[in-house]
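K.L.:
Take this structure first; my questions come after.
The values are calculated or read from the model by the stated rules, or taken from the named source; none is laboratory data. Computed from a prediction, not measured in an experiment: that's the story for all the values here. So basically every Cβ, Gly included, is an ideal-geometry build from the backbone, and we count neighbours across all protein chains shown.
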Amino acid sequence: MAQVLWSGRLEEKPEAEAFAFESSILVDARMALDDVRGSRAHAAMLGACGIIPADAAAKLYAALADMARELEAGTLAVDADVEDVHSFIEGVLTERLGDLGRMVHAGRSRNDQVAVDLRLYLKRVVPGLRAELLQTIAALLDRAEEHADTVMPGYTHMQRAQPVTLGHHLVAWCAGLERDAGRLSDALARLDECPLGAGALAGSGLPLDRRMTASALGFPRPTLNSMDSVADRDFALELASACAILMTHLSRFCEDVVIWATEEFGFIDLAEAWSTGSSIMPQKKNPDFAELIRGKAGRSVGDLVTLLTLMKGLPYAYDRDMQEDKEALFDTLDTTRACLRIFRPMMATARFRKERMEAACTGGFLEATDVAEYLVRKGLPFRKAHEVAALVVRDCVAAGQRTIAERTLEELRARSELFDADLYRAIVPASCAAARSLPGGPAPEEVRRQIGELRKRLGV
Ligand code: ARG
């Protein structure tokens with residue numbers, strides 16, 4: 001077992017299995033660069049404040065800069081036998097600089113160190129995740145533009161409800177994803193405070209300059225309270241929540257895709273590269289990628305529950321339970337990113353079967369609401385208009401007719417004198433969709449406006 005940072009106090013060491021159990025290096029190794037950055041800022045501040053000699057600080061700073069380069073080049077590999085990434089970085093420093101390396105931890109604890117490392121890591125990777133999300137929105141908006149006037153059934157209760165456009169449906173997805181992008185930005189803005197200098201929980205009696213390290217690390221300010229600094233993982237909860245919601249969205253979109261890809265619906269034809277075959281049934285073309293994204297949403301929801309459960313019983317301030325935060329948080333960030341990177345090309349290459357979508361608007365009386373609105377426009381109170389339209393639908397069903405247009409004007413007039421020949425134009429599916437041109441509606445022109453608005457808001 002490698003030397004641990006706390007070997008002075010305890011003579012007996014944990015057994016190998018116990019050491020492996022408490023070690024976090026396999027999970028926190030990905031914060032190595034962030035630990036080096038935090039350590040550099042801390043060392044420079046110790047020198048500037050006269051806590052360690054200036055030349056010692058300069059040597060620490062230079063050695064840490066070398067380590068950063070080597071980590072990036074892959075010539076310095078994280079040693080899996082140490083307790084955690086903080087022990088690893090300080091260990092290498094001490095190996096290289098001897099006693100000088102032992103100076104770096106003055107006024108610092110792994111409790112504030114892990115808090116700053118994690119925030120630095122998140123500031124480094126979450127913008128990339130957000131960029132993936134924006135690219136996904138952009139790809140969906142391209143498809144929405146292409147299909148601004150492709151008419152399809154809109155559903156409630158999984159029953160055909162009213163004609164909409166595919167563009168409208170795809171912009172509905174994007175509206176949710178825009179909020180996801182907002183949630184990621186909000187979480188990033190709120191985590192942008194530097195916990196360094198909080199020490200184990202009570203700060204330090206040494207004259208540290210917390211503002212200096214905060215600004216060297218690109219944080220606008222230090223955190224307010226040292227106990228909160230090491231006890232708080234709200235930022236992890238917020239990001240895990242943002243990811244769980246985003247994944248819930250992707251899961252629902254994929255559910256739509258899986259349904260659309262059935263022979264029964266036949267609304268979408270996924271590209272071969274984004275489908276899989278069956279090991280036994282030669283004819284199969286399965287939407288496994290969509291199903292996997294839907295399945296992986298479960299992980300993200302689980303990760304959020306893990307984090308909330310982890311935090312809910314913890315007395316202030318730091319408790320070792322918190323080490324478990326990273327595995328769940330990294331898992332949800334990785335999962336979300338991976339899913340976006342699959343979902344985007346899957347949707348960009350899919351072929352939408354316009355003819356099937358349009359055909360599905362006929363039969364099912366999706367035009368019934370438009371019949372009622374037609375009568376409202378002619379002065380009939382809506383409740384009456386609704387009743388007339390319902391009776392017309394019943395007449396159709398009794399006569400074995402699939403659409404209201406199959407009824408003659410005479411038959412319609414038996415239900416209301418207000419019907420005229422212009423009704424027939426109003427109840428063509430494309431007209432029904434086009435008539436709903438209010439802000440937010442499915443009319444092609446309005447969908448194009450929504451697309452433009454989202455593009456402008458998000459810069460995509
Ligand atoms: N690996 C630990 C974590 O992730 C670092 C902090 C350890 N602090 C301690 N007092 N043992 O939380």
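K.L.:
Please go through segment 262-277 and give me each residue that is surrounded by 11 or more Cβ atoms within 10 Å (Cβ to Cβ) and either of a type in the set (Lys, Arg) or more than 26 Å from Pro153 (Cα to Cα) (or both), ordered by number.
P.N.:
Thr276, Gly277
K.L.:
Looking at (1) within 16 Å of the chain's Cα centre (by Cα); (2) within 16 Å of the ligand (Cβ to nearest atom); (3) surrounded by 21 or more Cβ atoms within 10 Å (Cβ to Cβ), which one does Asp331 not meet, given that it meets all the others?
P.N.:
It is condition (3) that Asp331 fails.
K.L.:
Could you list, in sequence order, the residues of segment 423-460 that are farther than 24 Å from Pro153 by Cβ and either outside any helix (DSSP H, G or I) or touching a residue at least 12 places away in the same chain (Cβ under 8 Å) (or both)?
P.N.:
Result: Arg455, Arg457, Leu458, Gly459, Val460.
K.L.:
Inspect segment 110-127 for any residue being crowded, with 18+ Cβ neighbours inside 10 Å, away from the ligand (no atom under 16 Å from the Cβ), under 30 Å from Cys243 (Cα atoms) and in contact (Cβ under 8 Å) with a residue 12 or more places away in the chain and give the result as yes or no.
P.N.:
yes
K.L.:
Another question, if that's okay. Select from segment 436-460 the residues that are crowded, with 18+ Cβ neighbours inside 10 Å and closer than 20 Å to Gln162 by Cβ and write down the one among them that is farthest from the chain's Cα centre (by Cα).
P.N.:
Initial filter on segment 436-460 (crowded, with 18+ Cβ neighbours inside 10 Å): 436, 441-444, 446-447, 450-451, 454, 460.
When the remaining residues are screened for being closer than 20 Å to Gln162 by Cβ, the result is 436, 441-444, 446-447, 450.
Details: Arg436: 31, Gly441: 26, Pro442: 26, Ala443: 29, Pro444: 29, Glu446: 27, Val447: 24, Gln450: 22 Å.
Looking at the filtered set, the residue picked out is Arg436.
K.L.:
Here's another thing I want to ask about it. Is there any pair with a first residue in segment 322-350 that is within 28 Å of Asn111 (Cβ to Cβ) and a second that is among the β-branched types (Val, Ile, Thr) and within 16 Å of the ligand (Cβ to nearest atom) whose Cβ atoms are under 6 Å apart and which are 6 or more apart or on different chains, and what are they?
P.N.:
Close Cβ pairs (under 6 Å, with a partner that is among the β-branched types (Val, Ile, Thr) and within 16 Å of the ligand (Cβ to nearest atom)) amount to Lys326/Val27; Glu327/Val27; Ala328/Thr306.
K.L.:
Let me confirm something: among Arg183, Arg190, which residue is surrounded by fewer than 16 Cβ atoms within 10 Å (Cβ to Cβ), at pLDDT 95 or above and out of contact with any Ser or Thr (no Cβ under 7 Å at 6 or more places or on another chain)?
P.N.:
Arg190
K.L.:
In this structure, is Lys384 under 30 Å from Glu132 (Cβ atoms), assigned to a helix (DSSP H, G or I) and free of Cβ contacts under 8 Å to residues at least 24 places away in the same chain?
P.N.:
no
K.L.:
Please find, within segment 143-161, the residue that is nearest to Pro439 (Cα to Cα) out of those that are polar (S, T, N, Q) and surrounded by fewer than 21 Cβ atoms within 10 Å (Cβ to Cβ).
P.N.:
Thr156
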